[in-house]
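Worksheet: the structure to be examined is printed underneath.
Every number here is computed from the coordinates shown, using simple stated rules; none is lab data. The structure displayed is predicted, hence computed values, not measured ones. Every residue, glycine as well, gets a Cβ built from its backbone with ideal geometry; the counts of neighbours run over all protein chains shown.
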Amino acid sequence: MATNKIIFRFMVLMFIGLALAGCAILRPAHYTGRTLPRFQASSEPDKDEYPDVPPTVNSRWLAYIDQDGNVSLTTADRQLTLAVTNDATAPPEGQGRSYHRVSWSPDGQLAFAAVTRVGNKARSELFVVEALGKPARLVAKDDEHFVIYVYWSPVACPGRPACRRLAYLIEEDDGIGLRVVEVEAEQTHNQLVGVGRPFYFSWSADSQYILWHTGGARRYNSDARMALYHVDDDRIDDLSQAPGLFLSPAWSPQGDEWLAVSDSEGADRLQIFPHAGPPEKNRDQIATLATASDTEMVFAWSPLGDQVAFALRPAEDASSYGPIHVYDLDTGQSRQVTDDGFRVLGFFWAPRGERIGYLTRLDLPDAVWMQWRVVDPATDQDRGFTAFHPAPLMRFIVHSFNQYAQSHRFWSPDGRYLVYADRDSTLAERVWLVDTWAEQGSNPILVDAGSMGVWSWN
């Protein structure tokens, strides 16, 4: 596909550039944004029931997959909506061409993946838009498989400010492959660096390393392992600790340490490991946050790297996790911050780390439903919002939430809005915002017909 089919529709390019740079958004008086697609009369939302919210310039951009399978951008007040692509021929994951993966870099670059399905075959393309106003750039493609997941490096390549890297997962002949794309000037380099199944990974804060976990728990798979990939040297160091029951490791967003679950003396231990030196030489520096017996653990660093939220699956066949606990690195203490009665599916720190947004599972007679809740660990204030039946792409993300918590934002940059996508009884999918600052009982805000949405980092 020619990249000129992927377009941005701009009214004022200078205005867009200022918005991306973090300046106040000043909408031209003659432009009110694209007319949003409407639903049939039987399901059209009442505008009085879902009024426009006041503009919030600090909320920045929301990227979402719309009902046509294209990528669009909008703002919290929905007064400006931009079409990033226009060549989809099918809704997400349908037969034909659609876009199904979107990922923001911390400095505002946008990556998105297309998949073209014909029968049981799929081919994929991965694009990058380096800045609003620039054309989309094809950085990877595969004629047999589709892109599973995309995760930008936190910062530019060391010593090369114009160079950026993004890692993505894609099916390979012998497992799931991790590939790293390096983009600098007109050059693009795409390299396969690891293979495993399943495959979870985390970038270091300085983007010099990738920590990964493959194969699940060592007690169930002798090939399960953790490894440290040196990006500049293209070198893999196998780590000595046996992985326990968990999904993705997590590098501290601020420090030189990382989180993982090790299988030690017959128990699963959630631990913080220092980066310098092998674990056996740093045992005095390894902090154990929680210990469990044959129980999956999930976890997420706070943005400042001073706290860790974690939860345990109460039973092997449980469909959700138990209550969320928060561990304080300064005190070495942890405490429970959510009620035992909530069935947790995933949790995400607000951008400034003062609150945690978490998804709970509600088993209703007709289907599995979810609900966004927000808890303030300092005050124990906990608030729930409108329940919804998740769209398939939303469920896909939540299933591996502690991987996505490192690379994608459900929170708006100002910590006000949470995004979700639902599917109603007619199979119509829509993207919504929860205004966590609004009065109790406020309705969610309709963004557009679509299947998933993620906020920019800044």
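Please compute the volume of the convex hull spanned by the alpha-carbon atoms of the chain and report it per residue in Å³.
For the chain, the hull spanned by Cα atoms encloses 156 Å³ per residue.
Return an integer: the convex hull volume of the alpha-carbon atoms of segment 310-391, in Å³ per residue. Walk me through the numbers before you get to the answer.
Details: hull volume 9.1 nm³, N = 82.
It comes to 112 Å³ per residue, whole-number rounded.
First measure r as the distance between the Cβ atoms of residue 369 and residue 187, then evaluate 1/(1 + (r/R0)^6) with R0 = 45 Å and state the FRET efficiency to the nearest 0.05.
In this case the efficiency is close to 0.40.
For residue 61, enumerate residues with amide H under 5 Å from its amide H, sequence gap 5+ or separate chain, H modeled in the peptide plane.
The answer is 456.
Treat the count of other C-beta atoms within 10 Å as a stand-in for reagent exposure and order 398, 454 from fewest to most.
Numbers: 398 17, 454 23.
Fewest to most other Cβ atoms nearby, the residues stand as 398, 454.
What residues qualify as long-range amide H neighbours of residue 350, i.e. H under 5 Å apart, gap of 5 or more or another chain, H built at 1.01 Å from N?
Result for residue 350 returns 355, 356, 357.
Pairs of Cα atoms under 8 Å, at least six residues apart: use those to get the relative contact order of segment 72-154, whole percent.
Numbers: 164 pairs, mean separation 17.6, N = 83.
Contact order relative to length: 21 percent.
Using the Kirkwood radius built from alpha carbon pairs, what does the Stokes-Einstein equation give as D for segment 221-321 at 10 °C and 1.306 mPa s, in µm² per second?
Here the translational diffusion coefficient equals 110 µm²/s.
If you keep only loop residues by DSSP, which GluC sites (Glu not before Pro) in segment 71-159 have at most 16 other Cβ atoms within 10 Å of their Cβ?
144
Tell me, 141, 134 in order of fewest to most beta-carbon neighbours within 10 Å?
Starting with the residue having the fewest Cβ neighbours, the order is 134, 141.
Once the principal axes of the Cα atoms of segment 342-458 are found, what is the range along each, listed largest first in whole angstroms?
Result, largest extent first: 40, 28, 27 Å.
Using the per-residue mean of other Cβ atoms lying within 10 Å as a proxy for protection, in what order, highest first, do the peptides 418-425, 209-216 fall?
209-216, 418-425
Using +1 at the Cβ of each Lys and Arg and -1 at the Cβ of each Asp and Glu in segment 287-371, identify which of 368, 292, 303 lies farthest towards the dipole's positive end.
Sorting the options by dipole projection puts first 303.
P(r) for segment 124-191, please, calculated from all Cα pair distances in 5 Å bins and given in %.
Percent of Cα pairs in each bin: 4, 15, 28, 25, 16, 9, 3, 0.
Could I have the simple spin-label model distance between residue 328 and residue 428, label points 7 Å from Cα toward Cβ, reported in nm to one decimal?
Result for the modelled spin labels: 4.8 nm.
Rounded to whole Å and ordered largest first, report the semi-axes of the equivalent ellipsoid of segment 171-288 derived from its Cα gyration tensor (root of 5λ).
25, 18, 10
Please work out the ratio of the alpha-carbon Rg of segment 84-130 to 2.2 N^0.38 Å and round it to two decimals.
1.21
Over 19 Å apart: what share of the alpha carbon pairs of segment 60-118 falls there, rounded to a whole percent?
When every Cα pair of segment 60-118 is considered, 29 percent fall beyond 19 Å.
Give the relative contact order (percent, whole number) for segment 122-165; include only Cα pairs under 8 Å separated by 6+ residues.
Over segment 122-165, the number comes to 33 percent.
Rounded to the nearest 0.05, what FRET efficiency is calculated for residue 174 and residue 440 with R0 set to 56 Å and r the Cβ-Cβ distance?
Rounded to the nearest 0.05, the efficiency is 0.60.
Given R₀ = 25 Å, what would the calculated FRET efficiency be for residue 230 paired with residue 264, taking r from the Cβ atoms and rounding to 0.05? Walk me through the numbers before you get to the answer.
On the way: r = 26 Å, r/R0 = 1.03.
Calculated transfer efficiency: 0.45.
Two decimals is fine: what's Rg over Rh for segment 249-371, C-alpha atoms, Kirkwood radius as Rh?
Result for segment 249-371 is an Rg/Rh of 1.00.
Explain nothing, just the number: relative contact order of the chain, from Cα pairs under 8 Å at least 6 residues apart, as a whole percent.
Relative contact order for the chain comes out at 11 percent.
Using Cβ contacts closer than 10 Å as the measure, can you line up 115, 71 from fewest to most?
By the 10 Å Cβ count, ascending, the order reads 115, 71.
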